[in-house]
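Note sheet for the following structure.
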Amino acid sequence: MKPNTSQSGSAKLKLTPQLAIYSLLCIACATAPLLLGWSREWQRPAIWLMVVLGYRWLEQAGYSPRRTAGQRKGEWLFYAIYLGFSGSILLPAVEFAFIQRPVSLLLSATGVVLAALGAWSRHLSVKTIGEHFSTHVEVRPGHELVDSGIMSFIRHPGYTGAMLFTLGGALVLQSYYSLLYVCLFYWPLLFIRIVIEERELSANLAGYSEYRKRTKRLIPFVF
């Protein structure tokens, strides 16, 4: 299959309704401690929420959507994952502020590295797929298989990025209850979506079945 070169290099940053909501929410939560004179425990969560905002803008920077929509499958998952991701970024901040724990610099540093890798993996995924990228499970008219760049190693680098980013956030803030939420609620939703997505792409996208045989799902050379 040929690599996607149609619009991936000409993506323009666009303020979508979803991005606008995330931006306003993150800015409001991050500035509230300063405006209301809250305790220092809110400073690190505030910084984390601004990092989340940067993550969303970085993702949007690589997005060049195609206007023609396809037949969508598992639409309920779109809203469930949206809710799951929102909880995965907000709950660690709230937990850190209200539950006092000793802060491990090693865990925080590990979380920063994981979150950075996740954000970059997500960005590469969106940029590489280009106009064929969609937040929904769908095969659009003229849809082509993209197997270049990071997509030549794993089939779902965007989901890998989201998982690393949410795991990193929980570790940065040492929010262990939130980590359970991430692992037991948000990640299973991503796995369900992967199953539905691969089933639809195998049935409707030429070459995808062969592509599955020579690549891994989430971790290069492993899984």
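Surrounded by 13 or more Cβ atoms within 10 Å (Cβ to Cβ), at pLDDT 65 or above and in contact with a Gly (Cβ under 8 Å, 6 or more places away or on another chain), is that true of residue 48?
Values: surrounded by 13 or more Cβ atoms within 10 Å (Cβ to Cβ): yes; at pLDDT 65 or above: yes; in contact with a Gly (Cβ under 8 Å, 6 or more places away or on another chain): yes.
Spelling it out, residue 48 is indeed surrounded by 13 or more Cβ atoms within 10 Å (Cβ to Cβ), at pLDDT 65 or above and in contact with a Gly (Cβ under 8 Å, 6 or more places away or on another chain).
Quick check on this structure: which one of 170, 109 is more than 24 Å from residue 75 (Cβ to Cβ) and either loosely packed, with under 15 Cβ neighbours inside 10 Å or free of Cβ contacts under 8 Å to residues at least 12 places away in the same chain (or both)? So that I can check it myself, show each step before the final result.
Details: 170 fails: either loosely packed, with under 15 Cβ neighbours inside 10 Å or free of Cβ contacts under 8 Å to residues at least 12 places away in the same chain (or both).
Going through 170, 109 in turn, the sole match is 109.
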Cβ pairs under 6 Å, 6+ apart or interchain, first in region 123-137 and closer than 14 Å to residue 149 by Cα and among the small types (Gly, Ala, Ser), second part of a helix (DSSP H, G or I) and modelled with pLDDT of 85 or more, ordered by first then second residue, are 125/157; 125/158
Region 187-211, subset of a type outside the set (A, V, I, L, M), touching a residue at least 12 places away in the same chain (Cβ under 8 Å) and in a helix (DSSP H, G or I), residue nearest to residue 118 (Cα to Cα): 187
Please pick out the residue among 129, 89 that is under 30 Å from residue 206 (Cβ atoms), in a helix (DSSP H, G or I), hydrophobic (A, V, I, L, M, F, W, C) and modelled with pLDDT of 85 or more. 129
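For region 97-126, which residues satisfy the criterion of being among the basic types (Lys, Arg) and closer than 30 Å to residue 207 by Cβ?
So the first thing to find is which residues in region 97-126 are among the basic types (Lys, Arg), and the list is 101, 122.
Answer for region 97-126, where residues must be among the basic types (Lys, Arg) and closer than 30 Å to residue 207 by Cβ: just 122.
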So, in region 74-86, of the ones that are touching a residue at least 24 places away in the same chain (Cβ under 8 Å) and either crowded, with 17+ Cβ neighbours inside 10 Å or of a type in the set (A, V, I, L, M) (or both), which residue ends up nearest to residue 173 (Cα to Cα)? 85
Being crowded, with 19+ Cβ neighbours inside 10 Å and within 27 Å of residue 71 (Cβ to Cβ) narrows it down to one of 196, 154, so name that one. 154
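For region 132-179, which residues satisfy the criterion of being polar (S, T, N, Q) and either part of a helix (DSSP H, G or I) or more than 17 Å from the chain's Cα centre (by Cα) (or both)?
Within region 132-179, 148, 152, 160, 166, 174, 175, 178 meet the criteria.
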Filtering region 132-179 down to residues that are charged (D, E, K, R) and at pLDDT 95 or above yields 155
Considering only residues that are aliphatic (A, V, I, L, M) and touching a residue at least 24 places away in the same chain (Cβ under 8 Å), which ones fall in region 95-106? 97, 99, 103
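The values are calculated or read from the model by the stated rules, or taken from the named source; none is laboratory data. All values derive from a computational prediction rather than experimental measurement. Positions of Cβ are backbone-derived with ideal geometry, glycine not excepted, and every protein chain shown enters the neighbour counts.
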